[in-house]
Amino acid sequence: MVRKGLLGYKQSVVSRAQIRILPPALVHQIAAGEVVGRPSSVVKELVENAMDAGATRIEVDIGAGGLSAIRVHDNGSGMSEDDVVLCVHPHATSKIQTFDDLDALGTFGFRGEALASIAAVSRLSLKSRTPHDPGGTAVVMEGSQTQSVQSVGCAVGTTVEVRDLFFNVPARLKFLKSSATESAHIAATCLDAALANPRTRFILKKDGKAWRDYLPASDFSDRTLAALGDDSLRSFSGSLNGVHIQAMLSAPERARTSALGLHLFVNQRPVRDRSLAYTVAHAYGSVLPQGRYPTGAVFLTLSPNEVDVNVHPQKSEVRFVHQRDVLETVRQLLSRRLGQSNLSAGREPVWANHQPPSASSVSFASSNTYAEVAYASKEPLKLAALEGHYAPSSSAVSDLHGFMSLRFLAQVRGLLLVCEGPDALYVLDQHAVDERIRFYHLHESYHSHSIKTQRLLFPERLECSPEDVEYATSHETELTRLGLECTVLGGETLVVHTIPALAQRTPPRRLLRDALDELRCQGQRSFGDTIDTVLATMACHAAIRAGDHLSREECEALLVSLDNVQAFNLHCPHGRPVVDKILFADIEHRLGR
Ligand code: ADP
Ligand code: MG
């Protein structure tokens, strides 16, 4: 006996099939998980709908990090009764009709699945009214089931309220972080929306209290300045090969070790794209050390059919049809503009309100610093003993018994320490030497829980994101162990009270900024490696620089100190060699002796 199976094929009555077609409700719940990852994804979708409806004022209220409630109210076009009933169903959209419409998409939404997905994992109610209707319509849903539809009195526009998110997906609840972290993600989502839509007013309330209010601005630049609160940002714009760029970017000295402070937008969509972030950093040229990213915002506008936004469930990634060309155009445009602003002209770019460091602020720390650092070991290390451990190919210093045994001759070009050894002239890079020494001592004292700190007479404030504050609060022990004691002042300010004594020449807020960026962007690195990077960055900031004049005593102190570094003292923590040598034999040969 046979009967038609689910797909219309013949199946035996006693089926041995292991495979089942999932019921539509379950399919939908699984798909919903891709769109709605956490409360901030709900906010993102609802805010995008409000923007698509032409709203000029959007209010977002959240309770308990969005877990108990998210309410988004807009003054956009609203929906008729028929549309209110339809909009919460899967694949219900007014934005596209055919696949080809995707090529010229002018809206944020297009898949018609956001409201349905949110409704599948929450208790959702929506009320809406168009300007043509005397009253509005409200629909109440619970886990995809329509509970009621009724007429209501309401203002023109739409209000969506999402309660008890993931009440029917307990597994997802387990992955959510504290309400402070979830609130921080929501704040970041609203910030991106505000940056991308400068003319719209965005009001964000948290647990009934006003949290953010982005007033309407005339353009991207004004909104970015107001929203990022950084008036050192400079505006750049230009067009090339069909790509238009508007950017508000920081001076290189404000650059950070991660791209967290760099907001990128493609056709007004916030995107996370490493290669684009890298390209923006790359456009600064040599004024930006490798691995650093400027802060600010970059808005790219190009023909919609040059971009595929349908590659990520939350539409936070895009693909360019001509990826390489677009990136190269971005690089060219920005580097040209940055160059014109004199920014990439040299080590000290002319940046309107940037003061080049004064002579006193770059002068070498007194030799007391070295005494204080307590380069204690009396036993100079025999460099030859290091060879098995670490042997640079040129073996610049093999046969040499410690840097202390070199006769210091001169500091040249404000950069190089030239010394005489038994067989050669030794040339050391003063920055790399000092960086290695500082790194070593920071590293040792970090591991013995004894980083020496200096308490600031005037604690410094760091304006940062709520995520930073949340991170700093939950990682207080690690930060203190790094010598950075800080307290929280409100939701977006950290106050630094101590810094490592070995990093005393560096602005405290920069030390904290870098440490937070490195720790938060740990990625695939182990915690130990991340800490090493934080310490290396501290050492690099604090170390003497090219151009710092050193006395003979200071140069000799450096050589002694380098001997006391127990490992890898032939390279700076970033891998550059510290020393090179020119053999007397070679010189004599060249001179025909
Ligand atoms: P999409 O945005 O991809 O079309 P959604 O599920 O987010 O899908 O929304 C479905 C439809 O509901 C939208 O196409 C739009 O017509 C309507 N809609 C949703 N939110 C709003 C809103 N805030 N104002 C007006 N219409 C809305
Ligand atoms: Mg949508």
Residue check: is V140 modelled with pLDDT under 95 and either within 16 Å of ligand 2 (Cβ to nearest atom) or out of contact with any helix residue (DSSP H, G or I) (no Cβ under 7 Å at 6 or more places or on another chain) (or both)?
no
Every listed condition ((1) modelled with pLDDT under 85; (2) surrounded by 20 or more Cβ atoms within 10 Å (Cβ to Cβ)) holds for F99 save (2)
Does the range 126-137 contain any residue that is within 26 Å of L204 (Cβ to Cβ), polar (S, T, N, Q) and away from ligand 1 (no atom under 16 Å from the Cβ)?
no
Looking at the range 75-109, which of the residues that are in contact with a helix residue (DSSP H, G or I) (Cβ under 7 Å, 6 or more places away or on another chain) and not in a loop (DSSP other than H, G, I, E, B) is nearest to ligand 2 (Cβ to nearest atom)?
C87
So, G54, is that one touching a strand residue (DSSP E or B) at 6+ places or on another chain (Cβ under 7 Å) and within 12 Å of ligand 1 (Cβ to nearest atom) or not?
no
For the structure I just gave you, tell me whether S218 is of a type outside the set (V, I, T), in contact with a His (Cβ under 8 Å, 6 or more places away or on another chain) and farther than 20 Å from V72 by Cα.
no
Residue hits (the range 90-106; on the phi < 0 side of the Ramachandran plot, more than 7 Å from ligand 1 (Cβ to nearest atom) and within 36 Å of the chain's Cα centre (by Cα)) are P90, I96, F99, D100, D101, L102, D103, A104, L105, G106
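Let's see how each residue does on (1) free of Cβ contacts under 8 Å to residues at least 12 places away in the same chain; (2) among the basic types (K, R); (3) part of a helix (DSSP H, G or I); (4) in contact with a Ser or Thr (Cβ under 9 Å, 6 or more places away or on another chain):
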site: F439; (1), (2), (3), (4): no, no, yes, no
site: L456; (1), (2), (3), (4): no, no, no, yes
site: R461; (1), (2), (3), (4): no, yes, no, yes
site: G491; (1), (2), (3), (4): no, no, no, yes
site: H497; (1), (2), (3), (4): no, no, no, yes
site: R505; (1), (2), (3), (4): no, yes, no, yes
A194 - would you say it is part of a strand (DSSP E or B), at pLDDT 95 or above and out of contact with any Gly (no Cβ under 7 Å at 6 or more places or on another chain)?
no
Under 7 Å by Cβ, and 6 or more places apart or on different chains, what pairs join a residue from the range 46-67 that is under 16 Å from P216 (Cβ atoms) and within 10 Å of ligand 2 (Cβ to nearest atom) with one that is among the aliphatic types (A, V, I, L, M) and not in a helix (DSSP H, G or I)?
V47/I58; V47/V60; V47/V72; A50/I58; A50/V72
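The values are calculated or read from the model by the stated rules, or taken from the named source; none is laboratory data. Please read all numbers here as calculations on a predicted model, not as lab measurements. Counting neighbours? That spans all protein chains shown, and the Cβs are built from the backbone with ideal geometry, glycine included.
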